[in-house]
Amino acid sequence: MNKSYLSQPHLLGIKYITKEDIELILSTADNFKEVINRPIKKVPTLRDVTIANLFFENSTRTRISFELAEKRLSADVLNFSSSTSSVKKGESLLDTVNNILSMKVDMVVIRHSAPGTPTFLSNHIDANIINAGDGTHEHPTQALLDAFSIREKVNSFNGLNVCIFGDIIHSRVALSNIFCLQKLGANVAVCGPPTLIPRFLPKLGVKIFYKVKEALNWCDVANVLRIQLERQDIKYIPSLREYSLYYGINQEILDSLDKEIIIMHPGPINRGVEIDSDVADSHQSIILQQVENGVAVRMAVLFLLAGNSGSPGISNFN
Ligand code: CP
């Protein structure tokens with residue numbers, strides 16, 4: 001495979017990359033998916049590259065997926081968790097990161113509760129920055145793996161109708177998916193209670209539904225999000241029970257449609273709230289394929305960004 005480059009040295013959000021960047025990441029991920037299904041899954045592509053995973057917020061899928069992607073590429077990996085670090089003693093973000101970088105780190109994967117943290121770091125430190133989720137702003141690798149997973153199931157994004165259900169206002173997954181799917185040519189809608197839908201969305205060309213049945217009738221793909229109670233300082237819905245009653249995706253409502261739609265969820269799932277177990281585990285659901293594809297997509301992002309910076313050790317991975 002020829003060495004290829006992204007238009008940016010960092011992945012701060014889908015908003016800042018081009019359609020060509022997205023297509024390059026997806027086609028590179030095709031190659032890495034083939035690589036990680038071989039008996040020997042490891043390639044020497046990022047040997048001599050050191051990557052720090054800095055997680056200031058909880059994560060299961062993203063943290064493990066990045067670590068696995070880095071190890072499959074033979075990078076040296078540092079894992080930092082704020083809960084067991086000197087952040088607890090009052091050290092600032094910039095001091096923390098600069099201390100880690102002084103140990104010769106080439107790339108930084110960061111998750112933080114404050115929107116804009118990856119952009120702030122990219123302006124102050126000399127390393128490739130990858131946003132692994134910044135507050136309610138963006139989660140670009142989630143959108144890329146979601147697009148990759150949809151692409152495995154459909155012929156084209158052009159004219160495809162994708163609806164994102166649930167807590168849109170607190171969701172970084174929603175915003176990254178909107179940018180990514182629109183750049184690829186899909187039509188994007190959201191569905192949820194009015195209090196959970198940001199007012200700026202129509203300006204982005206996003207269709208709004210308040211009734212689940214109408215949204216399901218419109219869409220080919222349903223991406224279901226959880227209610228992020230940890231980000232809600234006021235009550236946006238009367239109760240989870242009522243949310244589930246009016247907005248939960250269950251088998252009965254899917255059976256009432258005259259078509260079969262693809263069901264997605266970025267995780268973590270709250271079974272019985274936004275999605276019933278029988279739907280999450282059904283043949284229509286691609287939830288575990290999304291997680292599986294996350295490794296290949298993150299390998300592609302790391303590979304392309306490392307190539308962009310001219311980091312040592314980048315070679316043909318075949
Ligand atoms: N989808 C996602 O970001 O999951 P985690 O919070 O477990 O990383």
Next item on the list: Would you mind computing, in nm to one decimal, how far apart the modelled labels at D278 and R241 are, each placed 7 Å from Cα along Cα→Cβ?
Entry: 2.2
Item checked: 5 angstrom amide H check on I249, placed H, neighbours 5+ away -> I275, D276
Check: Within the accessible area of the range 1-100, what % is carbon and sulfur when the probe is 1.4 Å and the other protein chains stay in place?
Finding: 48
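What is the percent carbon and sulfur in the accessible area of the range 232-292, measuring with a 1.4 Å probe over the protein chains and ignoring ligands? Please report the intermediate quantities before stating the final value.
Values: 1770 of 3470 Å².
Exposed carbon and sulfur together represent 51 percent of the surface.
How large is the dipole of the range 153-285 about the Cα centre if only Lys and Arg carry +1 and Asp and Glu carry -1, each at its Cβ, rounded to the nearest 20 debye?
Values: 14 positive and 14 negative charges, 130 e Å.
Computed charge dipole of the range 153-285: roughly 620 debye.
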Margin query: Tell me which of I51, I286, N250 sits at the most positive position along the dipole axis of the chain, charges placed on C-beta atoms (Lys, Arg +1; Asp, Glu -1).
Written below: I51
Check: Put +1 on the Cβ of every Lys and Arg and -1 on every Asp and Glu Cβ in the chain; which of I237, L204, L302 then has its Cα farthest towards the positive end of the dipole?
Finding: L302
Next item on the list: With the full set of protein chains in place, find how many percent of the accessible area of the range 105-145 is carbon and sulfur; take the probe as 1.4 Å.
Entry: 45
Check: Average projected area of the Cα convex hull of the chain, in nm²?
Finding: 16.3
Next item on the list: Scan around C191 for amide H atoms under 5 Å from its own, H built in the peptide plane at 1.01 Å from N, and keep only partners 5 or more places away or cross-chain.
Entry: I164, F165, G166, F209
Next item on the list: Go through V291, V162 and list them by solvent-accessible area, largest first, probe radius 1.4 Å.
Entry: V291, V162
Check: Under a Cβ-Cβ cut-off of 12 Å, what is the net charge of the residues other than Q182 that fall near it, where Lys and Arg count +1 and Asp and Glu count -1?
Finding: +4
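How many Å² of accessible area per residue for the range 153-285, probe 1.4 Å? Present the calculation step by step, with values, prior to reporting the outcome.
On the way: 6230 Å² over 133 residues.
Dividing the accessible area of the range 153-285 by its residue count gives 47 Å².
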Notebook entry, point to check: Any idea how far the Cα center of the range 69-87 sits from the one of the range 172-219, in Å?
Noted result: 34
Note to self: Using DSSP to call loops (not H, G, I, E or B), can you name the chymotrypsin sites (Phe, Trp or Tyr not before Pro) in the range 167-214 whose Cβ has at most 10 other Cβ atoms within 10 angstrom?
What the structure shows: F200
Check: Which whole-Hz ³J(HN,Hα) couplings does the range 188-202 yield from phi under the Karplus relation 6.51 cos²θ - 1.76 cosθ + 1.60, θ = phi - 60°, glycine and proline marked x?
Finding: 10, 10, 10, 9, x, x, x, 5, 9, 10, x, 5, 7, 4, x
Next item on the list: Tell me, rounded to the nearest percent, the portion of alpha carbon pairs in the range 174-318 spaced more than 23 Å apart.
Entry: 45
Item checked: Average accessible area per residue (Å²) across the range 1-104 - probe 1.4 Å, nucleic acids and ligands excluded -> 53
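The values are calculated or read from the model by the stated rules, or taken from the named source; none is laboratory data. Model, not experiment: these values are computed from the prediction. Backbone-built Cβ (ideal geometry, glycine too); neighbour counts: all protein chains shown. Note: accessible area is taken over every heavy atom of the protein model, side chains too, but ligands, DNA and RNA are not part of it. Shrake-Rupley method; radii C 1.70, N 1.55, O 1.52, S 1.80 Å.
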